[in-house]
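What follows is a set of notes on a single structure, which appears directly below.
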Amino acid sequence: MMVDVTVIGGGPGGYVAAIRCAQLGMSVALVEQYERLGGTCTNVGCIPSKALLDSSERFHEAAKSYGNHGILLDNLRVDWAAMRARKDKVVQLTALGIDKLMEKNKITRLQGVGRFTAPGRVAVDGPAGTTELESRHVIVATGSKPLDLPFCRIDKERIISSTEALNLPEIPKRLLIIGAGVIGLELGSVFARLGTRVEVVEALERCIPGMDSELGKELERSLKKLGFVFHLGARVSNVERQGDEVLVEATSAKGKELALKADYCLVAIGRKPNTQGLNLAAAGLAVDARGFLPVNERLECAVPGIFAIGDVIGGAMLAHKAEEEGVFVAELLAGQKPALNHHLIPGVVYTWPEVAAVGFSENDLQAQGRAFKKGVFPFMALGRARAAGEKEGFVKILADPLTDEILGVQMIGPRAADLIAEAVTALEYKASAEDVARICHAHPTYAEAIKEAALAATGDRALHL
Ligand code: FAD
Ligand code: NAD
């Protein structure tokens, strides 16, 4: 079969690239090994985790804070099977939506493992046999897989990755999590809200170490209130299944030997690129030392005509980053001059309070030795947050002391995942803190915290502090 573009991988990078190529008039074949499109994000990532985060948050709210609103409930309980079934339905509907988008855009779908046979040639080994594809351009979007600890095999029963954690047969009594990153803290939140004793072992000295350290500290404080037990700065030396339990041995930051037991151990220490089965050598390509597919600033691989996007090329392993890269490559292929600023890809952690950031963190600026000014506004001082009983967290705006240009926005608090969009817009347009401070924000809203932080950054002018 001859097409203009072959896309390998049907996750948010691949299927969005396919849509944009089709919109721009190219004929596209989308190759996905599984029957369902959507990749990690739809099937075992963003969507199912957010469905369970939403359900568990509703239960937790009903149990812990409805009483404060004068809503009294008796005999509240969780039907875990129903909660999981709802999550599965959400995933199914999302995947069906992607199918419809493929039909609408007349994208040819091929189920099977795509492997290169030459630079512009891909063979697809699927349930219906092998199909040969020939195209001028190939976009590789094969995503990532969970990382294992070197000394411990994920048995998918008691020693699990996020994929199994999203589908546990029961709500565990005790869950041990290795890694206080995004997956560990999001999935840990799901179970802690449902009554599980959650214990987290993290190699570094703080939670979500990739983000601003003040966000990590504040999140740690909130999650401790939820019942999380943290062992930060602890080195795991052994993970061992013992019947229906898992033993995790670690050395604490103070050199104490820890022997921790739980019903399940979730290994959430990062993800690795997935190039398995691609037969890259046939296309004249090779991965780098960490297994990523190297690309240049056009997201083109070492062989002209082959592009790669999303988790498989590294950088932030985020669905929206993969999508933006998909659009970028499609527009390049159409002869346009797209721009993509990786520095302004927002990061979000869907715990409660939510955490979100864009641009530089305070730690980044300190490491660069760059001068900055800082405006912070706590949600506690906001009418809307008090009305909702959501008083934890703050918004922090970092700006250049000379030009007032916003360099970074960090926030932890209610609806931070949505609020960060205003900050991204501000940074994209190179707004100054003064610009944001002068924009009228509706009252009472959580977004007023952004305006107040901007006022604080422009000379201690916050109105409600
Ligand atoms: P993937 O989504 O991994 O898709 C790759 C696809 O390629 C897969 O469907 C795979 O089957 C297919 N494939 C691989 N090799 C071949 C081959 N040879 N032939 C055919 N098909 C192949 N990101 C966010 O932005 N927000 C979130 O809230 C979020 N939550 C997450 C929660 C969890 C638990 C996890 C695990 C991840 C989460 N992520 C989140 C990360 C997000 O899922 C990934 O960054 C995103 O899916 C990457 O998209 P991708 O298209 O690069 O790859
Ligand atoms: P992560 O990189 O966010 O966190 C991994 C954590 O494990 C880090 O804190 C790291 O210091 C720690 N760690 C590593 N080795 C360790 C060891 N031996 N012992 C103890 N701790 C160890 O990775 P993740 O949480 O597995 O998530 C994987 C990817 O999925 C991330 O890149 C993330 O961007 C993406 N994701 C995003 C979202 C979101 O956007 N909300 C949600 C889930 C996952």
Helical contribution to [θ] at 222 nm, DSSP H n ≥ 4, -39,500 (n - 2.57), averaged over the chain, rounded to 500: -9500 deg cm²/dmol
Specify whether the C-alpha gyration tensor of the range 353-457 places it in the rounded, prolate or oblate class, a ≥ b ≥ c being the square roots of the eigenvalues: rounded for a/c under 1.5, otherwise prolate if a/b is larger than b/c and oblate if not. prolate
Which residues' amide hydrogens lie under 5 Å from the amide hydrogen of Ala431, considering only partners 5 or more residues apart or on another chain, with H built in the peptide plane? Ile406
Among the helices of the chain (complete DSSP H runs), which have Cα atoms covering no less than 27 Å along the helix axis and a Kyte-Doolittle mean of at least -0.5? 80-104
Using amide H atoms built in the peptide plane, which far-off residues or other-chain residues are under 5 Å from Arg271 H to H? Leu147
Can you check what the net charge comes to around His342, using other residues whose Cβ is under 11 Å from the Cβ of His342 (Lys, Arg +1; Asp, Glu -1)? -2
Averaging over every viewing direction, what projected area does the convex hull of the Cα atoms of the chain cover, in nm²? 24.4 nm²
Which whole-Hz ³J(HN,Hα) couplings does the range 131-140 yield from phi under the Karplus relation 6.51 cos²θ - 1.76 cosθ + 1.60, θ = phi - 60°, glycine and proline marked x? 10, 9, 10, 10, 8, 5, 10, 10, 10, 8
Calculate the spin-label point distance for Asn238 paired with Thr130, positioning each point 7 Å from the Cα along the beta-carbon direction, and give it in nanometres. 4.7 nm
Cut-off 17 Å, label 7 Å out along Cα→Cβ of Glu245, residues of the range 169-192 by amide N: 172-177
Give me the one-decimal nm value for the distance between modelled label points at Ala82 and Glu35, 7 Å along each residue's Cα-to-Cβ direction. 2.8 nm
Rounded to the nearest Å, the spacing of the alpha-carbon centers of the range 435-465 and the range 267-342 is 39 Å
For the range 171-200 and the range 217-246, write down the distance between their C-alpha centroids in whole Å. 8 Å
On full extension of the chain, what length is gained from His464 through Ala388, given 0.36 nm per residue of separation minus the C-alpha to C-alpha distance? 25.6 nm
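Between Ala282 and Ser27, what is the FRET efficiency for a Förster distance of 25 Å, r being their Cβ-Cβ separation, to the nearest 0.05?
0.60
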Post the alpha-carbon centroid distance, the range 11-78 to the range 95-167, in whole angstrom. 19 Å
Cα-derived Rg to Rh of the range 159-269, Kirkwood definition: 0.94
Between Phe59 and Asn296, how high is the FRET efficiency from 1/(1 + (r/R0)^6) when r is the Cβ-Cβ distance and R₀ = 41 Å? Nearest 0.05. 0.30
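Since every read-out is calculated from the coordinates, none of them should be taken as a lab result. Since this is a predicted model, take the numbers as computed values, not measurements. FYI the Cβ positions are ideal-geometry reconstructions off the backbone, even for glycines, and counts take in every protein chain you see.
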